[in-house]
Amino acid sequence: MSGKMNVLLIGGGGREHALAQKLVQSRRLGDLWITNPENAGLAALGKAVDVPVGIREIYRLEQFCDKHKIGMVVIGPEEPLCEGYADKLSGPARMVFGPSAEAARLEGDKAWSKQLMRSASIPTADARIFTDYRAAKDYLASRESPPALEGRSQGLAARSKDLHAESPPVIKAAGLAKGKGVVVPRNFKDAYAALERMMVKKEFGDAGSRVVIEERLEGTEVSVLAIVDGGNILVLPACRDHKRLLDKDEGPNTGGMGAFCPADNLDDETLRHVEREILVPTIDALRRDGIAYRGVLYAGLMLTPAGPKALEFNCRFGDPECQPLMARLKSDLIDLLEGACKGTLDRVEVEWDSRAACTVVLAARGYPDAPKKGAVIEGLEAGAKVADAQIAIGGATRDRDGRVVVSGGRVLSVTGLGETLAAARRTAYECCSKISFEGAQMRTDIGAGAG
Ligand code: AMP
Ligand code: GLY
């Protein structure tokens, strides 16, 4: 196809390091530029941009792109997408992989996203949206003690109250809250507390000024990611992630402690159903509003007894879901991303490794609340020698002495490939066993019994 291209990669976590590892394999890559050289993995693969990268000085990054003939910008995280980096950086001679700010509202504004799902009859949890704390609290109270139903027996009313008491609704800050804005409360007391933290104490700032209170769904979760080019949709193999910090899905929610691909709870027929009933209607609904979606559309789904329902949309690759996906992608990443940018995705041949991939995250002491920085990481070289394993750096940097030290919450993500999921996880854990740093936290059950 076309010639070499200079690429600018925006973002600084494990997802971006996995993307960078794949980009440098591309026969089409010219120079790789990065915005986050403090990430030791990215620093080893790309050249650091030498201008400020904030949205206020976005013209500096535009000028940089012009000067260095950047042909493609790849935006990893949701914040720059929601802030409009894709809109600002695209130009006649430059493609951007990632949706416009308008399209990124699917992730950045859960209230808007819920309304869109509703208007397009996309299966999702029932929900109400509130801007007023008192109204939200009253609604919660009505859910806790639903009024006795007229004409029904007392017994039924009591049972219905019990049912509500068992499952308080889920409370979500409408805006971006670094993955912390969703509370699945154990009881109504926790639900009221979450509401107060969001709407009164403003723990998430503006992100919590609107709140979505939604029906709690039961089932198993799965992440279906697709690449979209404005019209065509390429559904990627489904993944599962593990959001809780501790084994057996205990402990607080995190950005993700591990993931694997393909998912074990979704057959091809259900995947096609998800494409038809959830992904396509979403893209169509956006198009009706004059919004062309380009980039990754990530649907977080609950497989309920009544079929798959959308829990949320993200406008980017998942972290860590991107790691097992990149490990399995055999095709040239630049060809794929270019197809999405140019609207020619239907012409891109995509090949996947038939093996399974399993990714285990090594997190810092204190993650997710207060990750402790500075611990020296040992064993990265030994880990890199494990066959069929790959290490992505998320929160680690080089200190003055050249040692790689912890600098963020999710420090490393280690991916193993194997003929079966069990083999993939053995490889990932073997690689993890070579690596150590003080206070490292790791789940031991990623991909095991997949829960
Ligand atoms: P989200 O960021 O919206 O995906 O929410 C984070 C996590 O909260 C999800 O992965 C689910 O585990 C859980 N969650 C969100 N919405 C619901 C819901 N309606 N019912 C049950 N669990 C939910
Ligand atoms: N791993 C979940 C996410 O990236 O949102």
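The values are calculated or read from the model by the stated rules, or taken from the named source; none is laboratory data. Please read all numbers here as calculations on a predicted model, not as lab measurements. No Cβ is skipped: glycine too gets one built from the backbone with ideal geometry, and neighbour counts run over all protein chains shown.
For this structure, a couple of remarks:
- Any hit, segment 425-435, residues being aromatic (Phe, Trp, Tyr) and not in a loop (DSSP other than H, G, I, E, B): yes
- Segment 204-230, residues that are out of contact with any Leu (no Cβ under 8 Å at 6 or more places or on another chain) and within 16 Å of ligand 1 (Cβ to nearest atom): Phe204, Gly208, Arg210, Val212, Glu214, Glu215, Arg216, Glu218
This table checks each residue for (1) basic (Lys, Arg); (2) surrounded by 19 or more Cβ atoms within 10 Å (Cβ to Cβ).
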{"position": "Val49", "(1), (2)": "no, yes"}
{"position": "Glu57", "(1), (2)": "no, no"}
{"position": "Gly71", "(1), (2)": "no, yes"}
{"position": "Glu79", "(1), (2)": "no, no"}
{"position": "Ser100", "(1), (2)": "no, yes"}
{"position": "Glu107", "(1), (2)": "no, yes"}
{"position": "Lys114", "(1), (2)": "yes, yes"}
{"position": "Met117", "(1), (2)": "no, yes"}
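- The condition (being in a loop (DSSP other than H, G, I, E, B), farther than 28 Å from Asn253 by Cβ and not basic (Lys, Arg)) is satisfied by just one residue among Ala387, Ala382: Ala387.
- Of all residues making up segment 208-243, the number that are free of Cβ contacts under 8 Å to residues at least 40 places away in the same chain and out of contact with any Cys (no Cβ under 8 Å at 6 or more places or on another chain): 2
- Pairs meeting the criteria (first residue in segment 114-139 and within 12 Å of Thr282 (Cβ to Cβ), second residue of a type in the set (Lys, Arg) and more than 16 Å from ligand 2 (Cβ to nearest atom), beta carbons under 6 Å, at least 6 apart or on different chains) are Pro123/Lys309; Thr124/Lys309.
Listed here are the residues, each with its yes/no results for (1) at pLDDT 95 or above; (2) under 24 Å from the mean Cα position of the chain (by Cα).
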{"site": "His164", "(1), (2)": "no, no"}
{"site": "Ser167", "(1), (2)": "no, no"}
{"site": "Ala173", "(1), (2)": "yes, yes"}
{"site": "Asp206", "(1), (2)": "no, yes"}
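- Test: Glu275 is more than 16 Å from ligand 2 (Cβ to nearest atom) and either at negative phi or free of Cβ contacts under 8 Å to residues at least 60 places away in the same chain (or both): yes
- Residue in segment 94-101 that is charged (D, E, K, R), over 18 Å from Gln323 (Cβ atoms), at pLDDT 95 or above and within 19 Å of the chain's Cα centre (by Cα) present: no
- Which numbered condition Pro252 misses (of (1) out of contact with any Pro (no Cβ under 8 Å at 6 or more places or on another chain); (2) surrounded by fewer than 15 Cβ atoms within 10 Å (Cβ to Cβ)): (1)
- Positions within segment 296-309 being away from ligand 2 (no atom under 14 Å from the Cβ) and under 18 Å from Leu176 (Cβ atoms), in sequence order: none
- Check on Leu19, away from ligand 2 (no atom under 16 Å from the Cβ) and either over 22 Å from Gly295 (Cα atoms) or surrounded by 20 or more Cβ atoms within 10 Å (Cβ to Cβ) (or both): no
- Checked against the criteria, Tyr298 counts as within 13 Å of ligand 1 (Cβ to nearest atom) and among the hydroxyl-bearing types (Ser, Thr, Tyr).
- Just one of (1) out of contact with any Lys or Arg (no Cβ under 9 Å at 6 or more places or on another chain); (2) within 16 Å of ligand 2 (Cβ to nearest atom) fails for Lys202. It is (2).
- Conditions (1) without any contact (Cβ under 8 Å) to a residue 40 or more places away in the chain; (2) not in a helix (DSSP H, G or I): number failed by Ala422: (2)
- Gly290 vs. criteria of a type outside the set (A, V, I, L, M, F, W, C) and buried (at least 20 other Cβ atoms within 10 Å of the Cβ): no
- Meets criteria (free of Cβ contacts under 8 Å to residues at least 60 places away in the same chain and at positive phi) for Gly91: no
- Residues of segment 344-379 that turn out to be in a loop (DSSP other than H, G, I, E, B) and within 28 Å of Ile334 (Cα to Cα), as a count: 8
- In segment 247-268, of all residues being in contact with a strand residue (DSSP E or B) (Cβ under 9 Å, 6 or more places away or on another chain), over 26 Å from Arg294 (Cβ atoms) and away from ligand 1 (no atom under 15 Å from the Cβ), the one that is modelled with the lowest pLDDT corresponds to Asp264.
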